[in-house]
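Inspection log for the structure reproduced underneath, given as structure tokens.
The values are calculated or read from the model by the stated rules, or taken from the named source; none is laboratory data. Being a predicted model, the structure only gives us computed values, none of them experimental. Positions of Cβ are generated from backbone atoms using ideal geometry, with glycine treated the same way; all protein chains shown enter the neighbour counts. SASA here: full protein model, heavy atoms, side chains in, ligands and nucleic acids out. Shrake-Rupley method; radii C 1.70, N 1.55, O 1.52, S 1.80 Å.
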Amino acid sequence: RMRPPAVAGLFYPENANELRHDVNGYIAERSQLAAVAGRPKALVVPHAGYQYSGPVAGFAYRRLRDWSADIRHVVMVGPSHRVAIRGLAVPSVDTFATPLGNVPIDATGRTRLLELGLVGISDAAHAAEHSLEVQLPFLQVVLQDFDILPIAVGFAPCEQVARAIDAVWGGPDTLVLVSSDLSHYHTWSEARQLDAATTRAILELRSD
């Protein structure tokens, strides 16, 4: 069973060749910036349309290129925009599709979260959701052989989200990908101040 693309042609190109070209362009766009050493365990990446979020997403995903053969599992965490849910939801399908092909679901990780009672099954929460789908073409271009564990987050306490991520944290072959826009509404200067405060909170492990 496959979840078809919901926002191809809207948030990103529907044509596979155009999509691959654009993603490679975004990844190369910031290549002149200084590289950060070491393999990332987690990324926070925006999920707007590519014309808005593509350059920032490309900078994040470029970090994975040196480790593409080592990453086998990607835990994807993103907000549920279309369907109001309580807690966290995983899909029941076997694959997610984009114009670049199908990506298999990590059934083992899904079963673990279900057995721990940390998530429920909801295909409706994922059917039209863009926050995770827009990340897939970047992953498909950068990585090689991998599966995904898509988790939609609704009204949930941060402790529940933390427990779910911890349960599927895995080893060096697992990447945790958090899809977040942070903001749509602030001025450039306000956004820079808020983003800097968010960065400090993350680095200081402050969940408040």
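Got a number for carbon plus sulfur as a percent of the chain's accessible area, 1.4 Å probe? Carbon and sulfur: 54 percent of the exposed surface of the chain. Taking all protein chains together, Thr174, Thr198 sort by accessible area into Thr198, Thr174, largest first [probe 1.4 Å]. Per residue, the chain exposes an accessible area of 52 Å² to a 1.4 Å probe, with every protein chain left in place. The calculated 222 nm mean residue ellipticity attributable to helices in the chain amounts to -10500 deg cm²/dmol, summing -39500 (n - 2.57) over DSSP H runs of n ≥ 4 and dividing by all residues.
Stretched out straight at 0.36 nm per residue, the stretch from Gln193 to Glu115 would grow longer than its current Cα-Cα span by 24.0 nm. Distance between the pseudo-spin-label points of Arg82 and Thr95 (7 Å out from Cα toward the beta carbon): 2.0 nm.
Residues Asp166, Asp22, ordered by accessible area of protein heavy atoms at a 1.4 angstrom probe radius and largest first, appear as Asp166, Asp22.
Relative contact order of the chain, taken over Cα pairs closer than 8 Å and 6 or more residues apart, is 32 percent.
Shown in residue order for the range 46-57 are the 3J(HN,Hα) couplings computed by the Karplus curve 6.51 cos²θ - 1.76 cosθ + 1.60 at θ = phi - 60°: x, 10, 7, x, 4, 5, 9, 9, x, x, 5, 4 Hz (x for Gly and Pro).
Computed from label points 7 Å out along Cα-Cβ, the spacing between Asp145 and Tyr185 is 4.7 nm. For Glu159, Glu190, the ranking by accessible surface with the largest value first comes to Glu159, Glu190, using a 1.4 Å probe. If a spin label sat at a point 7 angstrom from the Cα of Tyr52 along the line to its beta carbon, the backbone N atoms of the range 7-22 nearer than 12 Å would be those of 11. Placing +1 on the Cβ of every Lys and Arg and -1 on the Cβ of every Asp and Glu, with no other charges, gives the chain a dipole of roughly 200 debye about its Cα centre.
Mind checking the log10 I(q)/I(0) for the chain at q = 0.08, 0.13 Å⁻¹? Debye, one equal scatterer per Cα, no solvent, two decimals. The calculated log intensity ratios at q = 0.08, 0.13 Å⁻¹ are -0.26, -0.72.
Can you tell me the FRET efficiency between Arg65 and Asp208 if r is taken as the Cβ-Cβ distance and R0 is 45 Å, rounded to the nearest 0.05? Using R0 = 45 Å, I get an efficiency of 0.85. Taking the centroid of alpha carbons for each part, the range 58-114 and the range 43-57 are 16 Å apart. For the chain, the share of DSSP beta bridges that are antiparallel, to the nearest 5, is 20%.
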